[in-house]
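Asks: Quick one: the structure is below, questions incoming.
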Amino acid sequence: MADKPSDSQLRLLLAQFLFAHDVDIETLYTALGADLSSADSEAVSHMAGIIDGVTLATSKIRAHGLDNWAKS
């Protein structure tokens, strides 16, 4: 069985998937029925950091391509 990807690798895979299918992160949460107003504030803060990272990676992938996004 293949090794499980690290958390950062999993976030990158998610960003690549979202980019490939032109889905923004807010749309994803809406589709999942996530109601952040009733969630734990620490969890929301953590998720916001992840969302920021995925959003940044997605925008860099769009701007520089999948092979060069991390170099910019």
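Asks: Please give me the summed charge of the neighbours of residue 69: other residues whose Cβ is under 9 Å from its Cβ, Lys and Arg +1, Asp and Glu -1.
Replies: Details: positive: 60, 62, 71; negative: 67.
Around residue 69, the charge tally is +2.
Asks: Using Cα-Cα distances under 8 Å and only pairs 6 or more residues apart, what relative contact order does the chain have, in percent? If you can, show how the numbers build up before the last one.
Replies: Values: 31 pairs, mean separation 27.3, N = 72.
Once divided by the residue count of the chain, the mean separation gives 38 percent.
Asks: Quick one: order 52, 3, 24 by neighbouring beta-carbon count within 10 Å, fewest to most.
Replies: Ascending number of Cβ neighbours within 10 Å: 3, 52, 24.
Asks: Another question about this same structure. Taking 0.36 nm per residue of sequence separation and subtracting the Cα-Cα distance, how much length would be gained by fully extending the chain between residue 50 and residue 4, in nm to one decimal? Before the final figure, lay out each step's value.
Replies: Details: separation 46, 0.36 × 46 = 16.56 nm, distance 1.90 nm.
Working it through step by step, the gained length comes to 14.7 nm.
Asks: Could you work out the equivalent-ellipsoid semi-axes for the chain, taking the square root of 5 times each eigenvalue of the Cα gyration tensor, largest first, in whole Å? Don't skip to the end; give the middle numbers.
Replies: Working: eigenvalues 104, 48, 30 Å².
So the three semi-axes of the chain are 23, 15, 12 Å.
Asks: In debye, nearest 20, what is the charge dipole magnitude of the chain about its Cα centre with +1 on Lys and Arg Cβ and -1 on Asp and Glu Cβ, if you could check?
Replies: On the way: 5 positive and 10 negative charges, 73 e Å.
So the magnitude is around 360 debye.
Asks: Residue farthest toward the positive end of the dipole of the chain, with Cβ of Lys/Arg at +1 and Asp/Glu at -1: which of 5, 66, 25?
Replies: With unit charges placed on the Cβ atoms, the residue in question is 66.
Every read-out reported here was derived from the displayed coordinates using simple, explicitly stated rules and does not represent laboratory data. Just so it is clear, the model here is predicted, and its values are computed rather than measured. No Cβ is skipped: glycine too gets one built from the backbone with ideal geometry, and neighbour counts run over all protein chains shown.
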